[in-house]
1. Any chance you could run the full-extension gain for Glu271 through Ala185? It's 0.36 nm times the residue separation minus the Cα-Cα distance, nm to one decimal.
2. Per-residue counts of other Cβ atoms within 10 Å, averaged by peptide: what ranking do you get for 45-55, 193-203, highest first?
3. Within 13 Å, Cβ to Cβ, of Glu323, how many net charges do the neighbouring residues add up to if Lys/Arg are +1 and Asp/Glu are -1?
4. Using the structure shown, select from Lys144/Lys305; Lys81/Lys278; Lys81/Lys210; Lys87/Lys210; Lys87/Lys305; Lys278/Lys333 the pairs with a Cα to Cα distance greater than 26 angstrom.
5. Dipole of the chain, Cα-centred, from +1 at each Lys and Arg C-beta and -1 at each Asp and Glu C-beta, to the nearest 20 debye?
6. So for each of 294-301, 333-340, 263-270 I average, over its residues, the number of other beta carbons within 10 Å; can you give me the resulting order with the highest mean first?
7. Two decimals is fine: what's Rg over Rh for the range 1-70, C-alpha atoms, Kirkwood radius as Rh?
8. If ligands, DNA and RNA are left out, what is the accessible area of Ile262 with a 1.4 Å probe, given in Å² to the nearest 10?
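The values are calculated or read from the model by the stated rules, or taken from the named source; none is laboratory data. This structure is a prediction, so every number in the text was calculated from the model and none was measured. Ideal geometry is used to build each Cβ from the backbone, glycine not excepted, and the neighbour counts take in all protein chains shown. SASA here: full protein model, heavy atoms, side chains in, ligands and nucleic acids out. Shrake-Rupley method; radii C 1.70, N 1.55, O 1.52, S 1.80 Å.
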Amino acid sequence: MNTPDIRTAFQAARARGLRAREAAEAIGLSEGAAIAAHQGATDAPLQAQALKLDWLGLLQSLESCGPLMALTRNDTVVHEKTGVYQKVSASGHVGLALGEDIDLRLFFHQWHAGFAVTEALTSGPGKAPPSLQFFDRHGTAVHKIFVREQTDLAAWQAVIARHGDAQAARDFVPRAAPAAAAPQAAPDATAFAAAWGAMTDTHQFFPLLKQFGLERQQGFRLVEGRYTQRVENAAVREMLMEAAFDGTPIMVFVGSPGCIQIHTGPVQRVEPMEVHGKTWLNVLDPGFNLHLREDLIADVWVVEKPTSDGVVTSVEAFDARGELMAMFFGARKPGQSELVAWRNIVAHLQSAGQPSDAVSA
């Protein structure tokens, strides 16, 4: 399709109530490509301006805007957090935002394009809040930032004026089909379990998987019954409900290809919802929203990692493709032991038993 046809088709899909990502997919494009087609538009409901590739400088400049809503999602979970972008730094291509509310791990090598976006809607609210939207080279959103009522709009416009790049052209490439995995020798389960037991920090886990050439759940299976346990898919709902009931503060991690977004604190309003045959598990709190496709959960694991501060336990949900949906921990800071209240919640999940397919496997 040429650019005018893309704009027309995208707007028609949006008018049917589809979210931007779904609207782009409905017309055969990535979300990034659909947004890029609106660069320079003056008569379309959606207008986009490309941004300079200075991701660190841009994010650092947002502190002057005051509260903004940070959104990071993957195929099955959306994580929304409102706060101020503070303490943004980077070492090479890895960045951090360590504000009181906005807590991010940023992988800038995955950030390919960014746009300042405004959109007038023909269905629902009359106008979507202005946003900054960032995409990888395949057009998958890695992070989005939305204006809130408390945002300083003059500061927001100044950021866009300083970081906009009206002449830029942003192109995207389709994602290649995953290659068939090459046959590998069976991993040394004894050596892997010993290395797992020798961990002193949770951040050593990813290098450990890489060292042994393992995917995340492969590693879990090698130490199942010792450091990991599969639990029922309903465990995510039960965990959130129990944390809300007793006020246990938790950490919620959701990742995209270029960002991990973290909520630390209590959850209060946990609401499952059936919408058009989809089951959403929602947290709807002031300053924090989570939307998780509960019907797409395929596996849930309780995972224990030894650290210098004692055992740290996570609850991790995966979809049918083996993709990590979200991770949950008890709230803690380095140097602190895990919350007893969180361990109690996890113990209840473990005592409920394993899913039937795991027992018979």
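1. Answer, rounded to one decimal: 26.5 nm.
2. Top of the packing list down: 45-55, 193-203.
3. -1
4. Those over the limit are Lys144/Lys305; Lys81/Lys210; Lys87/Lys210; Lys87/Lys305; Lys278/Lys333.
5. For this selection, approximately 560 debye.
6. 294-301, 263-270, 333-340
7. 1.06
8. Approximately 0 Å² of Ile262 is accessible to the 1.4 Å probe.
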